[in-house]
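Written below as structure tokens is the structure these notes are about.
Taken together, the values in this text are just the output of simple stated rules run on the coordinates, not laboratory data. Owing to the predicted nature of the structure, the values given are computational and were not obtained by experimental measurement. Positions of Cβ are backbone-derived with ideal geometry, glycine not excepted, and every protein chain shown enters the neighbour counts.
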Amino acid sequence: MKHLMGEPLSERPGHSLVGVVKMPDTVESPVQAIMKRVIGALAALIAAVLIVYLDRDGYRDVNGDGLSLLDAVYYATVSLSTTGYGDITPASSSARLINVLVITPLRVLFLIVLVGTTLEVLTERSRQALRIQKWRTKVRDHVVVIGYGTKGRSAVSALLGDGTDPGSIVVVDTAQSALDAASAIGLVTVLGSGTSNDVLKVAGVPRARAVVVAANRDDTAVLVTLTARELARDGAQVVAAVRERENEHLLRQSGADSVVVSSETAGRLLGMATATPTVVDMVEDLLTPDSGLAIAERDVEPEEIGGSPRHLSDIVLGVVRGGKLYRIDAAEADAVEAGDKLLYVKKVTPPEEDELVRR
């Protein structure tokens, strides 16, 4: 343990990261959990019965008449239940059958109630260790969200609304309560500071496709962005939120591909709401990917190349060419070229309505 305490998190085995990394729990009813245990116990009992019965010539009982199949079941049952042999033992076939069918299930039920909690804790810890190890070897092209406050939660909601799999989102935070909330919706969580190079390695930043920096303080956001950009692979997007406009250039110099000024954006919406609240409603609708209208990006279709984006059936807002955005009124956006991407307004159908349409 002393050796592990001095070892970087990213170099530790999976079992030592239990409590730091948490895989989302699978929802399972108590009945299903008990049935799994019962099935496992029955499988062990059947295996023991077969072993004893196939080697029945090597066993003797007090009657001296050899072992029958029922005798093998009885022997396996009392052996697996750790009861052993006492001074009172069932001698007749009916007594042994009752012992197998009635006494043993009651004994197993007692053991489940008595030691079930301890077994569950040990099993869960081992299961988490195996899942963590498997996840670390396979995680690729995921999104790491650093900070799960108001901004981080909203970013995750937008990702989920766009169809991102919850299992491909990793949340990093220092507050266990925030991580519990993230884990409850199926996200992978890592306990630690986003300013730590080691913690970000555990979260898989070097293999992530995008990193979202949603720290509560601008100075923290700058340090996290520097660390994330140093670890991130070429082509990975690093996006960050900053409270004050004067700190935006620091985030960009730190390596952020995109910076959102949260205080200014909120202030503009507040100002607009005093005069044109319906415009604010429309902006909120466009920013919410779950239903209504949403701003999306798509590749240019072959038949659209050479044409004007203003004449397409979609409402196009801009053209992305070589990683640079041109508004629809820019001269560069007069004609669509091969390799361009279009920013457009799409209609989003809520899941329940989509299900009704399919029916």
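So how much slack lies between Glu301 and Gln133, counting 0.36 nm per residue of separation and subtracting their Cα-Cα distance, in nm? Provide the component values of the computation, followed by the final result.
On the way: separation 168, 0.36 × 168 = 60.48 nm, distance 4.15 nm.
Fully extending the segment from Glu301 to Gln133 adds 56.3 nm.
Normalised by residue number, the volume inside the convex hull of the Cα atoms of region 143-265 is 89 Å³ per residue.
Which trypsin sites (Lys or Arg not before Pro) from region 218-261 combine a DSSP loop assignment with at most 14 other Cβ atoms within 10 Å?
Arg233
One decimal place: the segment Ala266-Arg310 gains 12.8 nm when fully extended, by the rule 0.36 nm per residue minus the C-alpha distance. For the pair Lys346 and Gln253, the difference between a 0.36 nm per residue extended length and the Cα-Cα distance amounts to 30.1 nm.
For Gly186, nonlocal amide neighbours, meaning residues 5 or more places apart or on other chains whose placed amide H falls under 5 Å from its own, do not occur.
Pairs from the list Lys151/Lys346; Lys324/Lys347; Lys36/Lys134; Lys134/Lys324 with a Cα-Cα gap above 31 Å: Lys134/Lys324. Between Ser157 and Arg327, the simple label model (points 7 Å from Cα in the Cβ direction) yields a spacing of 2.8 nm.
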